[in-house]
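J.: I am attaching a structure below and will ask some questions about it afterwards.
The values are calculated or read from the model by the stated rules, or taken from the named source; none is laboratory data. This one's a predicted model, so the numbers in the text were calculated from it and none came from an experiment. Please note: Cβ atoms are built from the backbone with ideal geometry, for glycine as well, and neighbour counts cover all protein chains shown. Side chains are part of the model used for accessible areas, which takes the heavy atoms of the whole protein and leaves out ligands, DNA and RNA. Shrake-Rupley method; radii C 1.70, N 1.55, O 1.52, S 1.80 Å.
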Amino acid sequence: MNSTSKTAAKTVLISGASIAGPALALWLHRYGFTPTVVERAPELRTGGYKVDIRGTAIEVCRRMGVLDEIRAHSTDMRGGSYVDDAGRTIGELPADIFGGRVEEDDEIMRGELARILYDRTREDVEYVFGDSIAALAEDADGVTVTFESGTVRRFDLVVGADGLHSNTRRLAFGPEERYKRHLGAYISIFTAPNHLGLDRWETYHALPGKLVCVYSSSGETDAKNLFVFSSPELAHDPRDVTAQKRALTDTFTGDGWEIPRLLGHAAEADDFYLDSMSLVEMDSWSRGRVVLLGDAAHCASPASGQGTGLALIGAYVLAGELARAGGDHTVAFARYERHLRPGVEQNQKMAEGFVKEMTVASKWKIALRMFMVRTLPKTPWKNLIAKKIRDDIQAAANAVPLVDYTAPAAARTTARPTVTA
Ligand SMILES: Cc1cc2nc3c(=O)[nH]c(=O)nc-3n(C[C@H](O)[C@H](O)[C@H](O)COP(=O)(O)OP(=O)(O)OC[C@H]3O[C@@H](n4cnc5c(N)ncnc54)[C@H](O)[C@@H]3O)c2cc1C
C-alpha cells in the first residue's frame, strides 16, 4: 500500500450510518468533500437506549446545527428508583444525579439522534443501505472498494464508522480479537410495552452479577428494557439475534420481580440489541488511506456513557483536520488521532470501573448499595455527593478539548477552515 500521495482528497466512503458516520458526512459535505455512506442494515437502525451528550460534544452539536432538535427530543427524565424482588421501592435517585435534567447534560434516545443526523444529511449525502465493503485495495491515488453487492467503486479515502465489530477494521487492520477487550459483561436493550406505567422514570432491579432496568422517556408510549449481566465472552456470532435472545433468557430464567414478563417481550422485540461490553484498543487508528472513527476506533463500552459524545467529537475533529490539511490525509489523520487519543483513554479507563459497578457480584455488596440508595437522599451531604458525581462525569466529557475550526458559514463551499486550537 502506498499512501504518500499529497493530492487533496475529495471523495470519502464512510462505512456505518449510526452516529459517527452521518456526523462525519455532515461536516465533510460542509467542507466541500463528497461523502458516501454505506450501511449494512437495510434501513436506518433506530433501536437503543438513551445516550448522553455532554461537555465538548454539546458545542459540537451546536456547531452542527442540531442541538435545538436534540433538546426538543430530550428524554426529560424525572429520576429513578431501585426496587426489590416484590417491586417495592428501596430508594429513589433524583434526576440531578441521573443527569436527564441537568443543564450541562443532554440526553436523547440513540435512535432519535441517529434519525436527526440522517435527516440532516440525506439530501446532500449519498446513502447506500443494505450493502457492505467486501474488499479494499489501496494504491497511490486512492482506494478501490468492492462491495458485497458486487459493485466496484473508487474513493480517495475510506472511514470505518461501523462500530465495535467494525468490518473496515477487520479488512484494513486484521481480526477483531487483536483489538477488542471484553470487560466481562453483556448489555441487552429492546423496546416493550410500558406495562409498569412509567412516566419519564427508570426502575432498577439489582441481582448478583446482573442489573435490570425498565425505563420510559418523554413522548414514548413504550418502555425500554435493559439487561446487563456478567459473562465470559459468548461464542455466538454477534449478528445472530436468535442466539442472543437465547443467551439472555438462559441467564435470567428463574429470576424474580418482573423479569419473566420482560423476557417474554424480548422474544417478540424487533429492535433487540445485545452486545459485549468491550473496549477497542489500537496503537493507531489509520493505515494509509483508511481511518477509523467512533466505536470502530476506540469503543469505550456503553458503560462509559461517552461513546456517542466521543463519536460526535471525533467526526468534528477528523473532518476539520482533513479540511485544514486541504485533504492531505497523511497530515490530517495524525492530527486527528493526536488530539483525540488522551481523552479517549481517560474515558476508557472510567468504563472499566463502571462495568464492575453495574455487575456487583455479591449479595452483601448489593445490600450495601441499597442501604446507600435508601439513606443518601436523607443525608445533609447528598448535594456534595451529587456534585462530586457530576464533576467527575463533566471532567470525562471535557477530556477532549474543543478545537475551533472556524467553519465556512454555508454548506457547499470548498474553503479551508481557519484553526485556532
Ligand atoms: C442498534 C444500536 C443500538 C445501540 N444502543 C445503544 C445504547 O442503548 N446505549 C449505548 O450507550 N450505546 C448504544 N449503541 C452504541 C452507540 O450507538 C455507540 O457506542 C456510539 O454512539 C458510537 O457510535 P458509532 O457510530 O461509532 O457506532 P455504532 O453506533 O455501533 O454504529 C455502527 C454502525 O455501523 C453499521 N455497520 C456494522 N457493520 C457494518 C458493515 N459491515 N457495513 C456497513 N455498516 C456496518 C451498524 O449497523 C451501525 O449502524 C447502539 C448501537 C446500535 C447500532
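J.: Which pairs turn up if I take residues in region 221-244 that are without any contact (Cβ under 8 Å) to a residue 24 or more places away in the chain and look for partners that are within 16 Å of the ligand (Cβ to nearest atom) and open to solvent by 60 Å² or more (accessible area, probe 1.4 Å) with beta carbon separation below 8 Å, at least 6 apart in sequence or on another chain?
T.: Once the first residue is without any contact (Cβ under 8 Å) to a residue 24 or more places away in the chain and sits in region 221-244, its partners that are within 16 Å of the ligand (Cβ to nearest atom) and open to solvent by 60 Å² or more (accessible area, probe 1.4 Å) give Ala243/Asp237.
J.: Can you find a residue that is in contact with a Ser or Thr (Cβ under 8 Å, 6 or more places away or on another chain), surrounded by 14 or more Cβ atoms within 10 Å (Cβ to Cβ) and either modelled with pLDDT of 85 or more or farther than 30 Å from Gly32 by Cα (or both) anywhere in region 364-384?
T.: Within region 364-384 (the criterion being in contact with a Ser or Thr (Cβ under 8 Å, 6 or more places away or on another chain), surrounded by 14 or more Cβ atoms within 10 Å (Cβ to Cβ) and either modelled with pLDDT of 85 or more or farther than 30 Å from Gly32 by Cα (or both)), the answer is no, since none of the residues qualifies.
J.: Continuing with this model, one more query. Considering every residue within region 273-281, establish whether at least one is farther than 28 Å from Val400 by Cβ and either touching a residue at least 40 places away in the same chain (Cβ under 8 Å) or assigned to a strand (DSSP E or B) (or both).
T.: Yes.
J.: Output the number of the condition that Arg324 fails; it satisfies all remaining conditions of (1) free of Cβ contacts under 8 Å to residues at least 12 places away in the same chain; (2) open to solvent by 40 Å² or more (accessible area, probe 1.4 Å).
T.: Among (1) free of Cβ contacts under 8 Å to residues at least 12 places away in the same chain; (2) open to solvent by 40 Å² or more (accessible area, probe 1.4 Å), Arg324 violates only (1).
J.: In region 117-135, which residue that is more than 13 Å from the ligand (Cβ to nearest atom) and of a type in the set (Val, Ile, Thr) is surrounded by the most Cβ atoms within 10 Å (Cβ to Cβ)?
T.: Per the criteria, the residue is Thr121.
J.: If you scan region 252-270, which residues turn out to be open to solvent by 30 Å² or more (accessible area, probe 1.4 Å) and closer than 13 Å to Lys210 by Cβ?
T.: Hits for region 252-270 are Thr253, Gly254, Asp255, Trp257.
J.: How many residues are open to solvent by 30 Å² or more (accessible area, probe 1.4 Å) and at pLDDT 90 or above when one looks only at region 49-72?
T.: 8
J.: Scan Leu211, Leu226 and give me the residue that is part of a strand (DSSP E or B), more than 14 Å from Phe272 (Cβ to Cβ) and within 24 Å of the chain's Cα centre (by Cα).
T.: Just one listed residue meets the conditions, Leu211.
J.: Residues to consider are Ser276, Ser286; find the one that is among the polar types (S, T, N, Q) and open to solvent by less than 10 Å² (accessible area, probe 1.4 Å).
T.: Ser276
Yes or no, residue by residue, for (1) more than 28 Å from Ile313 (Cα to Cα); (2) out of contact with any Phe, Trp or Tyr (no Cβ under 6 Å at 6 or more places or on another chain):
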position: Val159; (1), (2): no, yes
position: Arg178; (1), (2): no, yes
position: Thr203; (1), (2): yes, yes
position: Ala206; (1), (2): yes, yes
position: Tyr215; (1), (2): no, yes
position: Ser218; (1), (2): no, yes
position: Lys224; (1), (2): no, no
position: Pro238; (1), (2): no, yes
position: Arg246; (1), (2): yes, yes
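J.: Here's something else I'd like to know. Please specify each residue of region 28-41 satisfying the condition of being within 14 Å of the ligand (Cβ to nearest atom) and hydrophobic (A, V, I, L, M, F, W, C).
T.: Answer for region 28-41, where residues must be within 14 Å of the ligand (Cβ to nearest atom) and hydrophobic (A, V, I, L, M, F, W, C): Val37, Val38, Ala41.
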